[in-house]
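Here it is: the structure, laid out below.
The values are calculated or read from the model by the stated rules, or taken from the named source; none is laboratory data. Keep in mind that this is a model prediction, so the values were computed, not measured. Note that we place each Cβ from the backbone using ideal geometry, even for glycine, and neighbour counts take in every protein chain shown.
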Amino acid sequence: MVEYRGYGKTLVIEGDSVIMKPTGATRLFIKNHRIPIEEIEGARFTEATRLINGHLQLIVAGVEPGKPQATDLHTVLFTYGHAEPFVELYQWLKAVAYSNNRPS
């Protein structure tokens, strides 16, 4: 199990799933959300700066991507000080999406 602690949500990779776990006040709006890795079709990423939080949004099969915000089930926000692990996670998710989208 690997955890990536964001702002308002923690993304956990556990077995063959990605779990979005809300933290803090976000727990009032959404519950834990499990996404099978084979359903990940891509990811959107915006780097954090000292002034603006970054975000990582999963593109999931059969789900229209929403606006990347704290209450979106497939988005995790992160601050500048916590950005490095999310850059690595984004690279891994791109490889997963490539693998999932290859014809069999």
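Counting only residues that are modelled with pLDDT of 90 or more, part of a loop (DSSP other than H, G, I, E, B) and under 12 Å from GLY42 (Cα atoms), how many does the range 65-104 have?
Matching residues across the range 65-104 total 1.
Would you check if there is a residue in the range 30-49 being in contact with an Asp or Glu (Cβ under 7 Å, 6 or more places away or on another chain), among the aliphatic types (A, V, I, L, M) and farther than 12 Å from LEU11 by Cβ?
There is at least one residue in the range 30-49 that is in contact with an Asp or Glu (Cβ under 7 Å, 6 or more places away or on another chain), among the aliphatic types (A, V, I, L, M) and farther than 12 Å from LEU11 by Cβ.
Find all pairs meeting these conditions: Cβ atoms under 8 angstrom apart; at least six residues apart or on different chains; first residue within the range 40-61 and in contact (Cβ under 8 Å) with a residue 60 or more places away in the chain; second residue small (Gly, Ala, Ser).
So the pair list comes out as ILE40/ALA61; ILE40/ALA97; GLU41/ALA61; GLU41/ALA97.
Here are some conditions: (1) surrounded by 16 or more Cβ atoms within 10 Å (Cβ to Cβ); (2) in a strand (DSSP E or B). ARG34 meets all but one. Which one does it not meet?
Evaluating ARG34 over (1) surrounded by 16 or more Cβ atoms within 10 Å (Cβ to Cβ); (2) in a strand (DSSP E or B) leaves (1) as the failure.
For the structure I just gave you, tell me whether LEU51 is closer than 19 Å to GLU84 by Cβ, of a type outside the set (D, E, K, R) and either under 12 Å from the mean Cα position of the chain (by Cα) or surrounded by fewer than 17 Cβ atoms within 10 Å (Cβ to Cβ) (or both).
For LEU51, the condition - closer than 19 Å to GLU84 by Cβ, of a type outside the set (D, E, K, R) and either under 12 Å from the mean Cα position of the chain (by Cα) or surrounded by fewer than 17 Cβ atoms within 10 Å (Cβ to Cβ) (or both) - is met.
Of the residues GLY42, GLY62, which is among the small types (Gly, Ala, Ser), surrounded by fewer than 15 Cβ atoms within 10 Å (Cβ to Cβ) and within 22 Å of ARG102 (Cβ to Cβ)? Working first, answer last.
On the way: GLY42 fails: surrounded by fewer than 15 Cβ atoms within 10 Å (Cβ to Cβ).
Step by step, each of GLY42, GLY62 is checked, and only GLY62 is among the small types (Gly, Ala, Ser), surrounded by fewer than 15 Cβ atoms within 10 Å (Cβ to Cβ) and within 22 Å of ARG102 (Cβ to Cβ).
Another one. When both residues are 6+ apart or on different chains and their Cβ atoms are under 6 Å apart, which pairs have a first residue that lies in the range 78-104 and is under 27 Å from THR23 (Cα atoms), and a second that is among the aliphatic types (A, V, I, L, M) and part of a loop (DSSP other than H, G, I, E, B)?
Final answer for the pair search is PHE78/ALA48; THR79/ALA48; TYR80/ALA48; ALA83/ALA48.
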